[in-house]
Amino acid sequence: MQPIAHTYQEHSRAIWTLGMPLILSNLAQFAIHITDTIMLGWYDVVALAASTIAGTMFFVIFIVGAGFAQAVTPLVAAAAEENDDVQVRRVTRMGLWLSIMYGLVVTVPFFWAEDILLAIGQDAEVAAMAHIYLQIIIWQMVPALIIMTFKAFLAAMEHTAIILWATIGTAIMNAFVNYALIFGNWGAPELGIKGAAIASLAVTGLTVVILVIYILRKLPQFELFKNFWRSDSEIMKRVYMLGWPIGLTSLAEGGLFSASAVMMGWIGPIELAAHGIAIQLASLTFMVHIGFSQAATVRAGRALGRKDEPSLRRGGITAIGLSAVFAVLTSLIFLAMPEVLVSLFIDPDEPERATLLRIGASLIMVAALFQLVDGLQVLALGLLRGVQDTTVPMVMATISYWVIGLPVSYMLAFTFDMGAVGLWLGLVIGLAIAAVLLLWRFWGRSVRIAPPITAET
């Protein structure tokens, strides 16, 4: 456990110490997905488009269930600050229960993935290839949600180094397996998009094993797996009530980008492939903001456990400042070299290379605009989750993304004939409004956690 921070310098050090392994592990986790994108882009443009739409479909379902895992972090952080080991165990177990139950239920619709994709207007060849991919990765839904819960528990206990090293190791493994199975190297069969799916599934299973072994050896006092089958309705309700708004908030944001991918598919396969590349680059920088947000959740949860409002305020200001500085730096990089970044994902011999470069570069320049607002809105969500305020933020985010952002995207892309760039500009507007509302919620109300002053005090 880190000592209680008082000054801004101490808060900055605490957030860096806790957040840097989380940021690096997020980047390593993202490397798994970006490796798939790069190698499939080299292999075949249709495979790249299929993996983009399939990954989007999987992510939308996954992110809802991940809300139960993310609810574990603030609850465990607050309990740990109160030295309540029993509460830590109860919360983590019920987080695992909810994650597993959800994962088992939501795998069913994936068996009709091709029909669903065709029904929403996707190209027939892309839909068929995406179906092949999804029939394999559906089996990583449950283990992936279990990993999310373990990571939430470990982050709250400030054991973040294992998260980093486990993710780096599995990311390296994923690259080698991808190289072998996608292209048929080292005597392996050439499986294309199916090989990418098999690699992702293998990596997920290995990560579960690594985290279980670490928890058993390094944190045995919590006995997370003893009498695991015993239900705990009181704690399950708490995790559920805190987690479902988190899941739906993530769905609202993830669904916004998923809907943008669907609409981009209406414009054309080349635009969808360019969208996939630009999303990967924007998501890469977003991993850093998520790391800051996760660290902010832990720090806010511990401040809540102590009822330490000054620490919460200073920690919030520090986390927001760090995220904003990084956003400015990445925006400058995006604006300075958009074509160079996009070219990393495209085979030099690809016939559509010039078109992909032109469209992808224009989207990267728009992505530079929402670096700041996207970072601020996810940071505000992390602070709000730390103080266990999730329902009203869910409503604010949903309105920003779907009532404002998505309709504006559609109008700019199709009504005003701005195409792919107009679609992305609508995303910027929705994210900006979310950032303003969520920051107003935190500083206007949720930061006030100190006990009320009475006549006696």
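The values are calculated or read from the model by the stated rules, or taken from the named source; none is laboratory data. Only a predicted model underlies this, so the values are computations on that prediction, with no experimental measurement involved. Note that we place each Cβ from the backbone using ideal geometry, even for glycine, and neighbour counts take in every protein chain shown. Heads up: the accessible areas ignore ligands, DNA and RNA and are worked out on the full protein's heavy atoms, side chains in. Shrake-Rupley method; radii C 1.70, N 1.55, O 1.52, S 1.80 Å.
Structure notes:
- When the stretch 345-377 is filtered for residues that are under 21 Å from Ala324 (Cα atoms) and out of contact with any His (no Cβ under 8 Å at 6 or more places or on another chain), the ones remaining, listed by number, are Ile364, Met365, Val366, Ala367, Ala368, Leu369, Phe370, Gln371, Leu372, Val373, Leu376, Gln377.
- When Val60 is tested against the conditions (1) modelled with pLDDT of 85 or more; (2) under 30 Å from Asp389 (Cβ atoms); (3) open to solvent by 20 Å² or more (accessible area, probe 1.4 Å); (4) not aromatic (Phe, Trp, Tyr), the lone failure is (1).
- When Ile172 is tested against (1) open to solvent by less than 10 Å² (accessible area, probe 1.4 Å); (2) part of a helix (DSSP H, G or I); (3) among the hydrophobic types (A, V, I, L, M, F, W, C), only condition (1) is not met.
- Just one of the numbered conditions (1) under 22 Å from the mean Cα position of the chain (by Cα); (2) over 22 Å from Arg299 (Cβ atoms); (3) touching a residue at least 24 places away in the same chain (Cβ under 8 Å) is not true of Ala380: (2).
- Summed over the stretch 200-254, residues that are without any contact (Cβ under 8 Å) to a residue 40 or more places away in the chain and surrounded by 14 or more Cβ atoms within 10 Å (Cβ to Cβ) total 2.
- Odd one out for Ile100 among (1) open to solvent by 20 Å² or more (accessible area, probe 1.4 Å); (2) modelled with pLDDT under 90; (3) touching a helix residue (DSSP H, G or I) at 6+ places or on another chain (Cβ under 8 Å): (2)
- Within the stretch 174-212, the residues that satisfy the criterion of being over 20 Å from Ala49 (Cα atoms) and either in contact with an Asp or Glu (Cβ under 7 Å, 6 or more places away or on another chain) or hydroxyl-bearing (Ser, Thr, Tyr) (or both) are Gly184, Thr204, Thr207.
For every residue, the table says whether it meets (1) under 21 Å from the mean Cα position of the chain (by Cα); (2) within 19 Å of Ser293 (Cβ to Cβ).
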{"site": "Ala66", "(1), (2)": "yes, yes"}
{"site": "Pro74", "(1), (2)": "yes, yes"}
{"site": "Val88", "(1), (2)": "no, no"}
{"site": "Met101", "(1), (2)": "yes, no"}
{"site": "Val108", "(1), (2)": "no, no"}
{"site": "Ile116", "(1), (2)": "no, no"}
{"site": "Glu158", "(1), (2)": "yes, yes"}
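- Per-region count, the stretch 350-401, residues small (Gly, Ala, Ser), more than 21 Å from Met337 (Cα to Cα) and either touching a Lys or Arg at 6+ places or on another chain (Cβ under 8 Å) or surrounded by fewer than 24 Cβ atoms within 10 Å (Cβ to Cβ) (or both): 2
Conditions tested, residue by residue: (1) in contact with a strand residue (DSSP E or B) (Cβ under 6 Å, 6 or more places away or on another chain); (2) surrounded by fewer than 19 Cβ atoms within 10 Å (Cβ to Cβ); (3) of a type outside the set (A, V, I, L, M).
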position	(1), (2), (3)
Ile116	no, yes, no
Gly121	no, yes, yes
Ala127	no, no, no
Tyr133	no, no, yes
Ile138	no, no, no
Met157	no, no, no
Ala161	no, yes, no
Leu181	no, no, no
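- Checking Val86 against (1) touching a residue at least 24 places away in the same chain (Cβ under 8 Å); (2) within 18 Å of Ser233 (Cα to Cα), the condition it does not meet: (1)
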